[in-house]
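Engineer: Next up is a structure, given as structure tokens.
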Amino acid sequence: MASSPLGPINHASTIQLLVQLISTMNSSLPDHDFSNLQASDFLRVNNIDLVVNKINDYLLNHSLEAKYHGIRKRFWDMLDSVVNLKKCDLYSFVPDDESEVFGSGQVWTMNFFFVNKSAKKIVFFACSASRKFRYNPAEVITKTLKKEVESFEEEIFKVEVDTPMLTSMPKGQKPTAMSLSEAWLA
């Protein structure tokens, strides 16, 4: 009998679980289609401490805990109240490196399913980090050309902002595009 990370592939319960995981992903990310996923795209996680540690290290890290004291405890208490962690089976979705949603340009990604079969509940936890600045040569060329056009337009059309219209801004606030447009309309 063929086996998979979700269980024996010939069992109806394994097929049902696969369909539930895929349906959960399709519902959570409606702009993407996960219908072609297979049981081999998932891993069973046998130790909840591995999941807790990964989420704590990557997402609920020490700097976040220092800024929002008690956020780790509140997060895990809230998740436990929803799905009862002690009764959950844990699975992880492992995307390929070229995955449009979870792979391309991501520094790291984690995708966990907390499945409580007796309560008929699934929590899909997906989180990723991407680079703040991605290097895309085509984008750099486009931005460079756009800046050259804008600087050319600035030389032809000089726009001046009358400072008295900014007198209603709170002291110490720097003008932004929003505050300028609000002041202009006032």
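Engineer: Going by average Cβ neighbours within 10 Å, how do the peptides 85-94, 34-43, 69-78 rank, with the highest at the top?
Structural biologist: Details: 85-94: 17.6, 34-43: 14.6, 69-78: 12.6.
The most tightly packed comes first, giving 85-94, 34-43, 69-78.
Engineer: Right, here's the next one. Return the inverse of the average 1/r over all pairs of distinct C-alpha atoms in region 1-94, which is the Kirkwood hydrodynamic radius, in Å to one decimal.
Structural biologist: Numbers: mean 1/r = 0.0655 Å⁻¹.
For region 1-94, the Kirkwood estimate is 15.3 Å.
All of the numbers you see were taken from the coordinates with simple rules; none came from a lab. What you are looking at is a predicted structure, and each value in this text was computed from that prediction instead of being measured. Cβ atoms come from the backbone with ideal geometry, glycine included; neighbour counts cover every protein chain shown.
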